[in-house]
Amino acid sequence: EILRTYANHLEALVLMGDAYTRKGEYAKGLELDLRLSCLKPDNKQIRYNLACSYALTGQKDQAILNLHKAIELGYRDVEHLRQDRDLDALKSDPRFQNIVKRLSADEHQAQEH
């Protein structure tokens, strides 16, 4: 209802995207995540969600690209990254494993200082 009045209402778009993903409507979720990434291109969580949508729709290269962008923007939750079922399609990919290693090393260094 909100989106009928405010087509680019961020919170409503995020909630709707999450609902699509939970229902297994990954293409619709991807559509919303793409829209959100155009509205907020520098938002690390939106980029992360976009990476998840790409992974769920079998677009591994785009998923990895957007994971890198999320990290570049400040995403650092390596535990969530490891456990997120939305990224299962990527977990055997060496590029994904390198991302996890790099974030884990960064986290370890931050704890030492």
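Scanning segment 62-84 for residues that are out of contact with any Lys or Arg (no Cβ under 9 Å at 6 or more places or on another chain) and charged (D, E, K, R) yields ASP77, GLU79, ASP84.
Anything in segment 70-93 that is open to solvent by less than 60 Å² (accessible area, probe 1.4 Å) and assigned to a helix (DSSP H, G or I)? List them, or say none. Give the steps one after another, and end with the answer.
Of segment 70-93, the ones open to solvent by less than 60 Å² (accessible area, probe 1.4 Å) are 70-71, 73-75, 78, 81, 84, 86-87, 89-91, 93.
Listed by number, the residues that qualify are ALA70, ILE71, VAL78, LEU81, ASP86, LEU87, ALA89, LEU90.
Of all the criteria given as (1) of a type outside the set (Lys, Arg); (2) part of a helix (DSSP H, G or I); (3) at pLDDT 95 or above, the one not satisfied by GLN111 is (3).
Across segment 103-113, what is the total count of residues that are touching a residue at least 24 places away in the same chain (Cβ under 8 Å) and either loosely packed, with under 15 Cβ neighbours inside 10 Å or touching a Gly at 6+ places or on another chain (Cβ under 6 Å) (or both)? Walk me through how you get there before you give the answer.
Step one: list which residues in segment 103-113 are touching a residue at least 24 places away in the same chain (Cβ under 8 Å), which gives 103-104, 106-107.
Imposing the further condition that a residue be either loosely packed, with under 15 Cβ neighbours inside 10 Å or touching a Gly at 6+ places or on another chain (Cβ under 6 Å) (or both) reduces the set to 104, 106-107.
Counting residues in segment 103-113 that are touching a residue at least 24 places away in the same chain (Cβ under 8 Å) and either loosely packed, with under 15 Cβ neighbours inside 10 Å or touching a Gly at 6+ places or on another chain (Cβ under 6 Å) (or both) gives 3.
On the given criteria, is TYR48 aromatic (Phe, Trp, Tyr), surrounded by 16 or more Cβ atoms within 10 Å (Cβ to Cβ) and either free of Cβ contacts under 8 Å to residues at least 12 places away in the same chain or in a helix (DSSP H, G or I) (or both)? The answer is yes for TYR48.
The values are calculated or read from the model by the stated rules, or taken from the named source; none is laboratory data. None of these values were measured; they are calculated from a predicted model. No Cβ is skipped: glycine too gets one built from the backbone with ideal geometry, and neighbour counts run over all protein chains shown. The area values use the complete protein model at the heavy-atom level, side chains included, leaving out ligands, DNA and RNA. Shrake-Rupley method; radii C 1.70, N 1.55, O 1.52, S 1.80 Å.
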